[in-house]
Amino acid sequence: MLKLEQSKNKQIILVDEPEASLDNAFIKNELIDELKKLKLSSSVFVVTHNSTLGSLLKPDYLLVTKYDDSIITEHIEDHYKVLSGEYSSARLYDTEHNSYSSYDDFVEAMEAGIDTYKSKGEQYAILGTNK
């Protein structure tokens, strides 16, 4: 949080996994507000694998790396495509302008796939019935 405070007068702010060592309550109650305040006067880039942070931020723009095993290459890093698009548009695009569902790729990146997402929801529903 101190580093975020110190960066408030910078034009561009890069934040790499700010959720490290933070619980989701702190992310929701403290971190999100600070990142949104920074956004008012700076371009803020946040890298995260935390679905709570990713969802609560409601970013303007989304960048997702997507593994593509159809790419023939010797180097593993060349198997990744970078997809981008407006968060609210439901579409992401690669550098060749191919269109992808942002839902599919966001859920894959943030939840390890739709099956994991559904399983987590089912588990929460079970926990909710045991109140």
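The values are calculated or read from the model by the stated rules, or taken from the named source; none is laboratory data. Bear in mind the structure is a predicted one, so any value in this text is a computation, not a measurement. Cβ placement follows ideal geometry from the backbone for every residue including glycine, while neighbour counts extend to all protein chains displayed.
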Worksheet item: Of the residues Tyr100, Tyr93, which is at pLDDT 90 or above, outside the structural domain of Ser21 (by TED's automatic domain parsing), over 30 Å from Lys8 (Cβ atoms) and surrounded by 13 or more Cβ atoms within 10 Å (Cβ to Cβ)?
Response: Tyr93
Worksheet item: Could you say whether any residue in region 109-116 is in a helix (DSSP H, G or I), out of contact with any helix residue (DSSP H, G or I) (no Cβ under 8 Å at 6 or more places or on another chain) and more than 22 Å from Leu35 (Cβ to Cβ)?
Response: yes
Worksheet entry | Top-ranked residue of region 82-96 - restricted to ones that are charged (D, E, K, R) and assigned to a strand (DSSP E or B), ranked as nearest to Leu63 (Cα to Cα) | Glu86
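Test Val64 against the criterion of being of a type in the set (Val, Ile, Thr), in the same structural domain as Asp16 (by TED's automatic domain parsing), closer than 30 Å to Lys10 by Cβ and assigned to a strand (DSSP E or B), and give yes or no.
no
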Worksheet entry | Per-region count, region 103-125, residues exposed (fewer than 11 other Cβ atoms within 10 Å of the Cβ) and either within 20 Å of Glu17 (Cβ to Cβ) or modelled with pLDDT under 85 (or both) | 0
Worksheet entry | Residue, surrounded by the most Cβ atoms within 10 Å (Cβ to Cβ), within region 17-32, restricted to residues that are in a loop (DSSP other than H, G, I, E, B) and either of a type in the set (Val, Ile, Thr) or touching a strand residue (DSSP E or B) at 6+ places or on another chain (Cβ under 7 Å) (or both) | Pro18
Discussion item. Going through Lys28, Lys66, Lys58 one at a time, which residue ends up being closer than 16 Å to Glu86 by Cα and among the basic types (Lys, Arg)?
Written reply: Lys58
Worksheet, complete the sentence: The condition from (1) at pLDDT below 85; (2) surrounded by 15 or more Cβ atoms within 10 Å (Cβ to Cβ) that Tyr80 misses is numbered (2)
Worksheet item: Only one residue in Leu62, Leu35, Leu53, Leu14 is crowded, with 18+ Cβ neighbours inside 10 Å and at pLDDT 90 or above. Which one?
Response: Leu35
